[in-house]
Amino acid sequence: MAVPTTAPFANRHVRPATHRANRDPAWARWALTAVALVFLAFFLVLPLLAVFAQAFAKGGAYFLAAIREPEALASIRLTLFTVAVAVPSNVVFGVAAAWAIAKFRFPGKSLLTTLIDLPFAVSPVISGLIYVLVFGAQGWFGPWLIEHNIRIIFAVPGIILATTFVTFPFVARELIPLMQAQGTDEEYSAVTLGASGWQTFWRVTLPNIRWGLLYGIILCNARAMGEFGAVSVVSGHIRGETNTMPLHVEILYNEYNIAGAFAVASLLALLALATLVLKSLVEWRQTGTA
Amino acid sequence: MSIEAHGIRKKFGAYTALDGVDLNVPQGKLVALLGPSGSGKTTLLRIIAGLEFPDPGSGRVLFHGEDVTDVPAGKRRVGFVFQHYALFKHMSVFENVAFGLRVRKRSHRPTNASIAERAHRLLELVQLDGLAGRYPSQLSGGERQRVALARALAVEPKVLLLDEPFGALDARVRKDLRRWLRRFHDEIQLTTIFVTHDQEEALEIADEVVIMNKAHVEQVGTPQQVYDKPASPFVYQFLGNVNVLRAPALAGSLRRGLRPDEPAPDGQIFVRPHDIEVTPHDAGGSGLSAIVRHIHAAGPQARLLVEQVQTREHVEVEISRSELTDLNLRVNDLIRLRLRQTHSFDEDYAI
């Protein structure tokens, strides 16, 4: 006869066979780690290596030539210019929005919070199309813009608008929870001590959010450089004029210039790696000072 | 500088935080705003500071007779200390204290040397001069609180406002610091209002106590006045432990133990645990029969929880340890209660 399982003795006897979460056998731990590493290798490391391998497939000279080609240089310049406008704008908008949401009570606050997330929720292609519908030749302001000889769609302003829209949430999203957690007491202290709003912002608020802000800027920057969908819709793909780096990569690829495409792509990949390093540095500083 | 507030109303949406509150704080006094959470005391303090504003057209705030209702916080010359200190985390203790001087307009800004001198003098005043180079995260709660105080004093305020100044400290530090604050106030003689929900704290150090409840001021007076002559059942209950007895329960034998002017027969009687005398039941005489249910003998006083035989109401009684020894009480013993001092109010009051 088996001992009833409710008896203390039976329990004691059975216990070694049951696993607690922190007592997984070695093989399970190794297997799980291996699965994760294999997945990482296949989906992240391998493609990254492939990018660089393809970029240098025809040798270093070809790589340099592909990058130095006037159209490639133009795309790099345009990307940098777009980022130079879009990222600072989003820093200003993002800080202002986060400040308003975190530090004040006002009607429509939850609506504003939802709106900030809109660019994440909407497909980038739709984001681009919105601008075509608004500013394009057939759009709402199209005739007026043509009359005044202002080009937005299929021109640099459209690219900047689309990029700014798509990357808008990064800074604000990063700052809102941070500023909400910090509350308003320090700002109020500064105010009772006679500081103006401007002084309060520069001397109290900004130092408190600097690492979060930097983190947001890094993410925003990475996305702004890499944005494809929205920019593709509004750009018009005019070579040497409205092609950003991701668009230039696509064109080269479609022309079967694989090595050239990957050469430019490797620049973007390098940027991504640099972003990751910066990001970890900032995260390390953030936890260090917290 | 004296502080007056007249007819202050403040609503947050549908919630009324202050409903026509008046306040009068004479020059140089230390006044406690005492009340349970949600009574509106912090809102009143913030309105005095200029961090919140009363509802339009509702009331005025006067400093030394001068209307400051529409003056922004930075121009009122108030020193405000927050419950959680609100020190600037990224600045050293010294820079925290110097902040109020550094943000002044260039024409009014002292030189660096005199800023440094003043900051060090203030840190000396709060007994923290050795910690000028530390950061807030490296300080204890009590030290942070004193840094916050020094920072508030740096701008030479006319009024000092403290929001739950000891709320975030542990019990021992809290006691030390509140006595220190009393001495400190006597030294600097600055009109001071502090908010607290701790009646012991308010009664111990304040010159005057303003008791608030549900957006109203219930009573204003010296600690002794409000403790001995509470204006309402709320005040009576808030300022210490109290038993509320239904008057019918006091029929018969107990009535004889009371002064004739005391309770109305159908009202309620309030009696503090230490105002009840315990005698053995078989000794006879007047008094209310009760059974001892619990005895808590830890602490300076012994606390008994007894149940009235007639009504089964529970009553808390405090007697000295030596009395407890003399009576030789045990749980389930039958005793008699006599009420030495009771209080009753005219208006109906439900618990």
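A few remarks follow.
- Scanning segment A:131-158 for residues that are open to solvent by less than 70 Å² (accessible area, probe 1.4 Å) and of a type in the set (V, I, T) yields A:V132, A:V134, A:I152, A:I153, A:V156.
- For segment B:185-231, taking the residues that are open to solvent by 10 Å² or more (accessible area, probe 1.4 Å) and hydroxyl-bearing (S, T, Y), the one that is farthest from B:E156 (Cα to Cα) is identified as B:Y227.
Quick grid of which residues meet (1) of a type outside the set (F, W, Y); (2) within 14 Å of chain A (Cβ to nearest Cβ); (3) within 16 Å of A:T192 (Cα to Cα); (4) within 26 Å of the chain's Cα centre (by Cα):
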| residue | (1), (2), (3), (4) |
| --- | --- |
| B:V78 | yes, yes, yes, yes |
| B:F82 | no, yes, yes, yes |
| B:F99 | no, yes, yes, no |
| B:R109 | yes, yes, no, no |
| B:S140 | yes, no, no, yes |
| B:D170 | yes, no, no, yes |
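- Matching residues in segment A:116-130 - criterion: being more than 17 Å from A:H237 (Cα to Cα), β-branched (V, I, T) and open to solvent by 30 Å² or more (accessible area, probe 1.4 Å): A:V122, A:I126, A:I130
- Given (1) at pLDDT below 90; (2) open to solvent by 40 Å² or more (accessible area, probe 1.4 Å); (3) within 14 Å of chain B (Cβ to nearest Cβ), index of the condition A:R203 fails: (1)
- The one condition in (1) within 14 Å of chain B (Cβ to nearest Cβ); (2) open to solvent by 70 Å² or more (accessible area, probe 1.4 Å); (3) in a helix (DSSP H, G or I); (4) not basic (K, R) that A:P107 fails to fulfil: (3)
- Residue match in segment B:312-327 (condition: loosely packed, with under 12 Cβ neighbours inside 10 Å, closer than 28 Å to B:F234 by Cβ and either of a type in the set (A, V, I, L, M) or under 27 Å from the mean Cα position of the chain (by Cα) (or both)): no
- All conditions but one from (1) facing another protein chain (nearest Cβ under 8 Å); (2) open to solvent by 50 Å² or more (accessible area, probe 1.4 Å) apply to B:H120; the one that does not is (1).
Rundown of residues vs (1) open to solvent by less than 10 Å² (accessible area, probe 1.4 Å); (2) over 24 Å from the mean Cα position of the chain (by Cα); (3) without any contact (Cβ under 8 Å) to a residue 60 or more places away in the chain, yes/no style:
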residue	(1), (2), (3)
B:H6	no, no, yes
B:L18	yes, no, no
B:L30	yes, no, no
B:G35	yes, no, no
B:S39	yes, no, no
B:F53	no, no, yes
B:S58	no, yes, yes
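- Taking segment B:32-57 as the range and being small (G, A, S) and within 14 Å of chain A (Cβ to nearest Cβ) as the test, the residues that pass are B:A49, B:G50.
- Taking (1) part of a loop (DSSP other than H, G, I, E, B); (2) touching a helix residue (DSSP H, G or I) at 6+ places or on another chain (Cβ under 9 Å); (3) open to solvent by 70 Å² or more (accessible area, probe 1.4 Å) in turn, B:F345 satisfies each apart from (3).
- Meets criteria (buried (at least 18 other Cβ atoms within 10 Å of the Cβ) and at pLDDT below 90) for A:L193: no
- For B:P157: the one exception among (1) in contact with a helix residue (DSSP H, G or I) (Cβ under 8 Å, 6 or more places away or on another chain); (2) over 15 Å from B:L33 (Cα atoms); (3) within 14 Å of another protein chain (Cβ to nearest Cβ): (1)
- Matching option when the condition is away from chain B (no Cβ under 11 Å) and farther than 17 Å from A:V87 by Cβ, among A:L278, A:L213, A:L247, A:L193: A:L247
- Any chance B:R60 is over 30 Å from B:S114 (Cβ atoms), modelled with pLDDT of 90 or more and within 14 Å of chain A (Cβ to nearest Cβ): no
The values are calculated or read from the model by the stated rules, or taken from the named source; none is laboratory data. What you see is a predicted model; the values in this text were computed from it and never measured. Note that each Cβ is placed from the backbone with ideal geometry, even for glycine, and that neighbours are counted across all protein chains shown. Just the protein is used for accessible areas: all its heavy atoms, side chains included, with ligands, DNA and RNA removed. Shrake-Rupley method; radii C 1.70, N 1.55, O 1.52, S 1.80 Å.
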